[in-house]
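As structure tokens, the structure follows; a few thoughts come after it.
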Amino acid sequence: MIIRKARLEDADAIARFIFMAEGEMIPFFTGHEDRAGALCVLREFILAPVPCRYSLDIALVAEEDGVTAGAAFAFPADSQPELDLLILASVNARGYNLKELFFEGEAGTYYLSTMAVDPRFRNRGIGTALMAAAEVEGARLGFAKASLLVETEKEKARALYERLGYGVSKTVVIGRFRYHLMGRHLAPASTV
């Protein structure tokens, strides 16, 4: 397995991973209930010339046997409002008239926003490797802590994050969904 920065040829696979990870939020973000329409809009977000939470330049991918097997997006939590402007414009174009989207991470942390692994490649440590790579990047950027959200009913995912050192700091409600906000202290980046 190789963990690397995303490349242009990963865009279609990454759009599918976002679709899998974001679930019921996809129609809100994209304006499409159908998979094909949603994937098209997600690809536009990925390749947009302006920064976005789904930008290709902040995506990490896992490659297994030459196949893009998973992807993760992580960024400084405090930059989320700026990274959500493109999505906010898409949402508001459909009549929502919102000033901002919901703030997801914990202020001052490196936020692990979205991650998914192709079902064909699950249970091989790919998700754990993507998280570890994101945490290393967060530490390299000077962050002492990482944060993430997990839906409260996804007990298996929460248990995995707890095994990786994340703890629940609080439960938050976004729309009609309940999430655990979880955090973990990061090891300082190596200076070697």
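Express in nm, to one decimal, how much length is gained between Met25 and Glu9 on full extension, taking 0.36 nm for each residue of separation and deducting their alpha carbon distance. Intermediate results must be reported in sequence, preceding the final value.
Values: separation 16, 0.36 × 16 = 5.76 nm, distance 2.50 nm.
Extra length available between Met25 and Glu9 comes to 3.3 nm.
Can you compute the FRET efficiency between Ala107 and Asp65 using 1/(1 + (r/R0)^6), with r the Cβ-Cβ distance and R0 = 45 Å? Round to the nearest 0.05. Kindly include the intermediate steps, with their values, before the conclusion.
On the way: r = 40 Å, r/R0 = 0.88.
The computed FRET efficiency comes out at 0.70.
Over the Cα atoms of the range 78-192, what is the Rg over Rh ratio if Rh follows Kirkwood?
1.00
How far apart, in nm, are the 7 Å Cα→Cβ label points at Ala93 and Val168?
Here the answer is 3.8 nm between the modelled labels.
Percentage of Cα-Cα pair distances in the range 81-135 greater than 13 Å, rounded to whole percent?
Here the tail beyond 13 Å accounts for 69 percent of pairs.
Can you tell me how the range 127-192 classifies by the Cα gyration tensor, rounded, prolate or oblate, using a/c under 1.5 as the rounded cut? Walk me through the numbers on the way to the answer.
On the way: a/c = 2.66, a/b = 2.00, b/c = 1.33.
Note, shape of the range 127-192 comes out prolate.
Would the range 58-108 count as rounded, prolate or oblate if I go by the C-alpha gyration tensor, calling it rounded below 1.5 in a/c and otherwise prolate when a/b exceeds b/c, oblate otherwise? Please report the intermediate quantities before stating the final value.
Details: a/c = 4.04, a/b = 1.77, b/c = 2.28.
In terms of gyration-tensor shape, oblate.
Normalise the Debye intensity by I(0) for the range 32-80, one equal point scatterer per Cα, no solvent, then take log10 at q = 0.27, 0.32 Å⁻¹ and round to two decimals.
-1.03, -1.08
Quick one: divide the alpha-carbon radius of gyration of the chain by 2.2 N^0.38 Å and tell me what you get.
0.98
Diagonalise the Cα gyration tensor of the range 13-114 and give the resulting equivalent ellipsoid semi-axes, square root of 5 times each eigenvalue, largest first, whole Å.
21, 18, 11
I need the GluC sites (Glu not before Pro) found in the range 125-192, filtered to DSSP loop residues with at most 11 other beta carbons within 10 Å of theirs.
Those satisfying the criteria are Glu153.
Read the figures in this text as sums done on the coordinates, not as results from a lab. Not measured: the values here are computed from a predicted model. So basically every Cβ, Gly included, is an ideal-geometry build from the backbone, and we count neighbours across all protein chains shown.
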